[in-house]
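Notes for the one structure printed next.
Values in this text are rule-based calculations from the coordinates and carry no lab data. Note that this is a predicted model, so its numbers are computed, not measured. Cβ coordinates were reconstructed from backbone atoms using ideal geometry, including for glycine residues, and neighbour counts include every protein chain displayed.
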Amino acid sequence: MTDRRILVVGAGPAGLSAAATLAQAGQRVVVVDQAPQIGGTVYAQNRTGDTRPLSHAKERRALFDVVAAQRERIDIHCSTSFVGLDYQGNALITGADGFLFQPKAVIMATGARELVQPRPGWTLPGVTSVGALQVDLKTAGRPPEGRIAIAGSGSLLYALGAQLTRAGKAPAVIFDAAHPFLHPLATARLPLHILQEATGFILTLIRARVPILSGTRILSVEEKKGALSLKTNHGGRFRTVEVDRLGLHDGLARNDYGLQKNPTIPVIAAGDCRDVLGRFAAVKDGNRVAAEILNLLGTPAPGISLTSLNTEKAAQRRLKSIFAHDGCNDLNDLPDETILCRCENRSVADLKALTATDQTPRMLRLNGRFGMGACQGRFCLDWVAKLTAAEMGSGPSRPQRWPLRPVLIAEILNAADHSGNETHIEESAKCTFR
Ligand SMILES: Cc1cc2nc3c(=O)[nH]c(=O)nc-3n(C[C@H](O)[C@H](O)[C@H](O)COP(=O)(O)OP(=O)(O)OC[C@H]3O[C@@H](n4cnc5c(N)ncnc54)[C@H](O)[C@@H]3O)c2cc1C
């Protein structure tokens, strides 16, 4: 028997706004998030000393208030992960609150994943993604020790740079592979809220005299006497820079793992999981997808205007053109020893050896272990696909199957079984809801 509840995976802007819209229409909703608190990537509360713009706090409060007003119809489970939906429509939820149930629909609001292009030395200790440095800053409540460099491309380089500066630790340098300051016309046509935020970041960095080197790529990273030695390339001029921490970021992509069609119930993506358009669009898209689900269930749905969603889409297209560049490095020039899959420690040489022996994309996964590790290819498969495109047309595809990640048998056995009934699922994990 199908449960009367709708499952929302992800308690970020998209998931929370979807849950609130569904609850306002009289639906009961179960929200799960693997993080210890609600808010998603942008609105999760910092431990101490928030370094984000004041506008974030206001936006977060407004979103949380709408959800809080519907708490009777919304069960929220933090530190709790969605692991997949089987072919009968049973959802397996593990973590602090483990349970199995049959929702009548699923909204996947699992956000975006960060892209980091492999380079020699990118897996060394001290090198992380920019997002990981942001998480570090939020959870520790203070910036990491040592000299920090930020490199790659995209607006997140400047967001982190400003956040570190406001936390009292300006980055030593920002290397941007693109030339974002050479596009004044496209920049001037960005919506006001993006322009204001970007201006705030840049002014913070200028006041702190942070060097911003555009058109500069990190070719390799080496560990030298306890520090990181970065070899950079600026239009054919090579330099070596020494720092203690390096944050890399080469864009965002949909985190749509687990978004598989199900024969029994509707499964629909919302927010960055559907299209990476930023936090404002995520809220709007959550409302839109909730209305779509209500329509599918034959329940009256609120009318949602798509104007602001389309504006954000145009703005993201413009941002993409401002940050466009021809690759952080040429993937084909990567030395053989460069690690591609950091979960299984597989290198460019391992990939070349396999492609030389007439493998199919599926055999690359099975024999090469690419995309088979703990992250299931979130980090390596995009690059493996690009590197093998010439020989194979397409590289190994991402697994869209149940479960989304390796699961312990104990996690399956310990999950309270609520399939076949509609009993209340206790919220045992405490969510920070401030
Ligand atoms: C690393 C990173 C840094 C960013 N920094 C900024 C920034 O500084 N400023 C800014 O404006 N925008 C930033 N963004 C973009 C911004 O986060 C998004 O546009 C916005 O949060 C999208 O909202 P969302 O609800 O779609 O996804 P998110 O806010 O990302 O929420 C997705 C939620 O899904 C949860 N989740 C994922 N998989 C599962 C699962 N299997 N089970 C349970 N829960 C799951 C995650 O824990 C997360 O809480 C950043 C994005 C990333 C990826």
Candidates LEU230, LEU185, LEU331, ranked by Gaussian network fluctuation over the chain, Cα under 10 Å, top entry: LEU185
When ranked by the protection proxy of mean other Cβ atoms within 10 Å per residue, highest first, what sequence do the peptides 373-379, 37-43 form? 37-43, 373-379
Would you mind giving the three semi-axes, in whole Å and largest first, of the ellipsoid equivalent to segment 127-250 according to its Cα gyration tensor? 23, 19, 11
Arrange the peptides 205-218, 106-119, 406-419 so that the one whose residues have, on average, the most other Cβ atoms within 10 Å appears first. 106-119, 205-218, 406-419
Take the alpha-carbon centre of segment 1-40, take the same for segment 289-350, and report the distance between them in whole Å. 22
Given the DSSP H assignment, sum -39500 (n - 2.57) over each helix run of at least 4 residues in the chain and divide by its residue total; what's the result at 222 nm in deg cm²/dmol, nearest 500? -10000 deg cm²/dmol
State the Cα centre-to-centre distance between segment 112-135 and segment 170-194 in whole Å. 21
Where a label projected 7 Å from the Cα of THR240 along Cα→Cβ would reach, residues of segment 204-226 with amide N under 18 Å: 217-226
At ALA208 and HIS193, where each label point lies 7 Å from the Cα along Cα→Cβ, what is the point-to-point distance in nanometres? 2.5
Pairing the Cα long axis of helix 279-296 with the longest principal axis of the chain, what angle in degrees results, from 0 to 90 and rounded to the nearest 10? 30
Counting C-alpha atoms alone, how compact is the chain: give Rg to one decimal and Dmax as a whole number, in angstrom. 22.3, 67
Would you mind computing, in nm to one decimal, how far apart the modelled labels at ARG73 and PHE181 are, each placed 7 Å from Cα along Cα→Cβ? 5.1
Compare ALA105, ALA281, ALA198 in a GNM of the chain, Cα atoms joined below 10 Å, and give the one with the largest fluctuation. ALA198
Which of SER397, SER153, SER17 moves the most in a Gaussian network model of the chain with Cα springs under 10 Å? SER397
Residue-wise, which Karplus ³J(HN,Hα) couplings in Hz belong to segment 164-171, taking 6.51 cos²θ - 1.76 cosθ + 1.60, θ = phi - 60°, and x for glycine or proline? 5, 4, 5, 7, x, 9, 5, x
Over 19 Å [Cα-Cα, segment 329-392], rounded percent: 19
Kindly express, to the nearest 10 degrees and within the range 0 to 90, the angle between helix 307-322's C-alpha long axis and the longest C-alpha principal axis of the chain. 20
Ordered by fewest other Cβ atoms within 10 Å, a rough proxy for footprinting exposure, MET392, MET363 read MET363, MET392
When you count, for each residue, the other Cβ atoms within 10 Å and take the mean per peptide, how do 81-88, 138-145 rank with the highest first? 81-88, 138-145
At 0.36 nm per residue, and after removing the present C-alpha to C-alpha distance, how many nm does the segment from SER308 to ALA416 gain when stretched out fully? 34.8 nm
Subtracting the Cα-Cα distance of ASP330 and ARG405 from 0.36 nm times their residue separation yields 23.9 nm
Residue by residue through segment 186-191, the couplings from Karplus 6.51 cos²θ - 1.76 cosθ + 1.60 with θ = phi - 60°, in Hz, x for Gly and Pro, are 5, 5, 4, 8, 6, x
Principal-axis tilt of helix 13-24 within the chain, Cα atoms, nearest 10 degrees: 10
